[in-house]
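The values are calculated or read from the model by the stated rules, or taken from the named source; none is laboratory data. Bear in mind that the values here come from a model prediction, so they are computed numbers and not experimental data. For neighbour counting, all protein chains shown are included, and Cβ atoms are generated from backbone atoms with ideal geometry for every residue, glycine included. Side chains included, ligands, DNA and RNA excluded: accessible areas come from the protein's heavy atoms. Shrake-Rupley method; radii C 1.70, N 1.55, O 1.52, S 1.80 Å.
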Amino acid sequence: MTDCIFCKIINNEIPSDKVYEDEQVLVFKDIAPKAPVHLLMIPKKHIHSLAEVTAEDSELMGYMMTKVPEVAKDAGLEGFRTIINTGKDGGQIVFHIHIHILGGGGPLPF
Ligand code: 5GP
Ligand code: ZN
């Protein structure tokens, strides 16, 4: 998608602080971290949001779930919070599906 900032990050048209990359996913640091460690995992395939995921994406979604704990461990996190904001009312600002991975500040207050 040409006007998607996360697709531009995938294509290196916008710089990012990458922490993990393979053929299917990219993980980079959030530009405005809400925790000492705040990573975003995105699929390289442009999917608008969790609401647009179809059965065709099952394998990819499952793959991302298996990668999250690996990436969190590599980031030194003993525990972490994952968030997928979905749609405007769900707080989604960037419409390329992403998993927030947050932690590193001890037990979260809520
Ligand atoms: P959302 O609210 O859509 O779930 O979260 C989007 C996240 O993307 C926000 O936490 C925001 O700080 C992050 N973000 C937005 N633009 C950029 C960018 O250009 N680079 C990086 N690294 N993060 C971004
Ligand atoms: Zn995109």
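Per-structure values
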{"read-out": "Neighbours by Cβ (under 9 Å, 6+ apart or cross-chain): first from the range 4-23, closer than 22 Å to E70 by Cα and more than 8 Å from ligand 1 (Cβ to nearest atom); second of a type in the set (K, R) and part of a loop (DSSP other than H, G, I, E, B)", "value": "I10/K44; E21/K44; D22/K44; E23/K44"}
{"read-out": "Test: I14 is within 27 Å of T2 (Cβ to Cβ), open to solvent by less than 80 Å² (accessible area, probe 1.4 Å), more than 13 Å from the chain's Cα centre (by Cα) and β-branched (V, I, T)", "value": "yes"}
{"read-out": "Flag if L102 is away from ligand 2 (no atom under 16 Å from the Cβ) and within 14 Å of the chain's Cα centre (by Cα)", "value": "yes"}
{"read-out": "Index of the failed condition, S58 passing every other in (1) within 16 Å of ligand 1 (Cβ to nearest atom); (2) of a type outside the set (V, I, T); (3) open to solvent by 40 Å² or more (accessible area, probe 1.4 Å)", "value": "(1)"}
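The rows are residues; the columns are (1) open to solvent by less than 70 Å² (accessible area, probe 1.4 Å); (2) over 15 Å from K34 (Cα atoms); (3) small (G, A, S).
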site	(1), (2), (3)
V68	yes, yes, no
V71	yes, yes, no
A75	yes, yes, yes
G79	yes, yes, yes
T86	yes, yes, no
H96	yes, yes, no
I101	yes, no, no
G106	yes, no, yes
